[in-house]
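Comments concern the structure below.
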Ligand SMILES: Nc1ncnc2c1ncn2[C@@H]1O[C@H](COP(=O)(O)OP(=O)(O)O)[C@@H](O)[C@H]1O
Ligand SMILES: [Mg+2]
């Protein structure tokens with residue numbers, strides 16, 4: 001069959017708006033898949049079966065082989081050995097295009113839309129006859145069927161808007177709409193929720209549940225174990241390229257069981273540290289801080305020497321804006337005191353000089369120099385203090401300092417000379433902690449320090465924060481993971497719509513209490 005005829009048929013099918021339900025429910029098996037990249041095994045005899053009507057989640061630490069599994073199953077990487085079997089039929093020589101023909105679609109970790117094309121065009125790329133036949137495309141019909149797909153995935157956008165104008169969340173929904181437009185009923189999601197806010201993730205989960213009701217075959221990858229346990233019907237755990245565990249009943253599975261399967265050994269249950277810091281001196285004080293744009297107002301609090309002070313709140317509640325104002329990245333009215341002295345003309349460089357550091361939330365855009373060597377990333381804030389030879393940095397000194405800091409925060413890297421982007425998210429974050437340790441801060445503000453890192457790195461980061469605070473640094477910790485605040489903090493303030501609405505200390509810090517406070521309820525009296 002010629003390409004033109006195929007495309008014409010696809011377009012005709014599209015026009016008649018056939019839906020995925022016309023396909024037989026798809027049971028998709030990967031049997032003993034082995035795949036190596038340049039001698040290193042990404043998958044070793046790994047098997048997984050995804051049933052129609054289920055959300056099947058793959059979990060595992062970074063590098064375990066999860067993405068490779070879905071990419072093999074979606075025809076992006078050919079396997080070295082092993083079989084792909086769809087409803088009893090062996091799929092041979094699968095490519096992304098033939099996979100879609102079989103109804104298999106991977107929503108990749110980074111949306112792969114063509115950003116200059118409209119949402120509408122993206123939806124139908126690969127279906128619309130292009131080139132000489134382009135003039136005959138019935139855009140009116142396209143637009144109306146696009147509307148139906150957008151509606152199915154809950155996407156409310158202008159179909160003619162370029163994809164570059166869509167948020168990441170909208171781009172993902174558009175990828176799902178694409179899967180439906182291509183009449184796929186086996187849909188894979190590779191870490192879709194990592195870049196999403198909690199609310200956006202809920203929209204995506206609603207869609208996944210609706211697709212499950214329609215008997216779609218769904219695979220999902222995520223590091224957020226709470227959401228994994230909540231949404232999955234079955235869970236497969238990968239470790240070091242192998243499948244090491246299955247959980248067929250996530251409702252009866254604990255967070256801890258999952259983590260132990262992922263890391264391959266028992267984990268110590270973290271106990272909250274019981275410390276009384278009420279007598280420690282205040283090293284950071286905020287008095288009536290307010291933002292000119294109203295992002296926050298009347299923010300007053302202090303952080304004590306050695307204390308871990310949590311800032312709980314919803315995304316957009318003003319926590320990050322407050323931190324940025326203290327650090328000197330944005331303007332604010334009100335007063336900041338550092339170690340008792342007014343700190344007025346704030347800028348990031350004077351903050352670092354004064355012992356106040358800020359680890360921003362978005363490592364991709366703030367702080368990490370992706371193309372620069374790890375060693376330079378680590379010493380970036382420390383350069384003025386390094387031994388010099390005349391005007392020049394002593395190169396060996398820089399490396400030694402970086403190596404020492406990297407050991408303290410357990411950075412795993414082939415060498416500190418590789419560019420930062422060669423490291424996993426967790427190791428990049430360890431390197432950023434190394435940077436800030438070198439600055440020897442008195443106050444450290446960490447914004448979502450564990451976002452997007454895997455469980456092993458998370459536990460390490462908790463350990464680093466313990467060590468930093470034990471050394472007398474006041475740590476201000478912004479986190480959307482309430483569990484994390486419960487485990488780490490001596491005291492937590494809740495911020496709601498730009499204002500502090502509650503404060504809890506010690507054993508008052510519970511999930512229930514924080515959960516109520518971050519939505520503006522359950523506020524306790526503040527002194
Ligand atoms: N395209 C590739 N080229 C070389 N190595 C790769 C490639 N994709 C993955 N790998 C390696 O294969 C292993 C598994 O990676 P991946 O499947 O991405 O893990 P996960 O998704 O579980 O984090 C890792 O060691 C990774 O470095
Ligand atoms: Mg991956």
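Numerical summary
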read-out: Any chance residue 141 is part of a helix (DSSP H, G or I), touching a helix residue (DSSP H, G or I) at 6+ places or on another chain (Cβ under 9 Å) and under 30 Å from residue 86 (Cβ atoms); value: no
read-out: Boolean, residue 275 is part of a loop (DSSP other than H, G, I, E, B), closer than 28 Å to residue 200 by Cα and either more than 23 Å from the chain's Cα centre (by Cα) or not assigned by TED's automatic domain parsing to the domain that holds residue 69 (or both); value: no
read-out: Residues of segment 52-81 satisfying the condition of being away from ligand 2 (no atom under 16 Å from the Cβ), over 22 Å from the mean Cα position of the chain (by Cα) and buried (at least 17 other Cβ atoms within 10 Å of the Cβ); value: 52, 54, 75, 79
read-out: Tally, over segment 54-75, of residues that are in contact with a helix residue (DSSP H, G or I) (Cβ under 6 Å, 6 or more places away or on another chain) and either away from ligand 1 (no atom under 13 Å from the Cβ) or free of Cβ contacts under 8 Å to residues at least 40 places away in the same chain (or both); value: 2
read-out: All positions within segment 442-461 that are away from ligand 1 (no atom under 16 Å from the Cβ), in contact with a helix residue (DSSP H, G or I) (Cβ under 6 Å, 6 or more places away or on another chain) and under 23 Å from residue 63 (Cα atoms); value: 449, 450
read-out: Condition broken by residue 344, with the remaining ones in (1) free of Cβ contacts under 8 Å to residues at least 12 places away in the same chain; (2) crowded, with 21+ Cβ neighbours inside 10 Å satisfied; value: (2)
read-out: Set 39, 101: member being over 24 Å from the mean Cα position of the chain (by Cα), at pLDDT below 95 and either more than 13 Å from ligand 1 (Cβ to nearest atom) or within 18 Å of residue 219 (Cβ to Cβ) (or both); value: 101
read-out: Subset of segment 287-311 (residues that are assigned to a loop (DSSP other than H, G, I, E, B) and either closer than 19 Å to residue 520 by Cα or free of Cβ contacts under 8 Å to residues at least 60 places away in the same chain (or both)); value: 292, 293, 294, 295, 296, 297, 298
read-out: Hits in segment 218-255 (condition: assigned to a loop (DSSP other than H, G, I, E, B), within 12 Å of ligand 1 (Cβ to nearest atom) and within 17 Å of the chain's Cα centre (by Cα)); value: 222, 223
read-out: Hey, residue 203 in the same structural domain as residue 47 (by TED's automatic domain parsing) and part of a helix (DSSP H, G or I) or not; value: yes
read-out: Members of segment 178-197 found to be surrounded by fewer than 24 Cβ atoms within 10 Å (Cβ to Cβ) and assigned to a strand (DSSP E or B), listed by number; value: 190
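The values are calculated or read from the model by the stated rules, or taken from the named source; none is laboratory data. Since the structure is predicted, the reported quantities are computational estimates derived from the model, not experimental observations. Glycine gets a Cβ as well: all are built from the backbone with ideal geometry, and neighbour counts include every protein chain shown.
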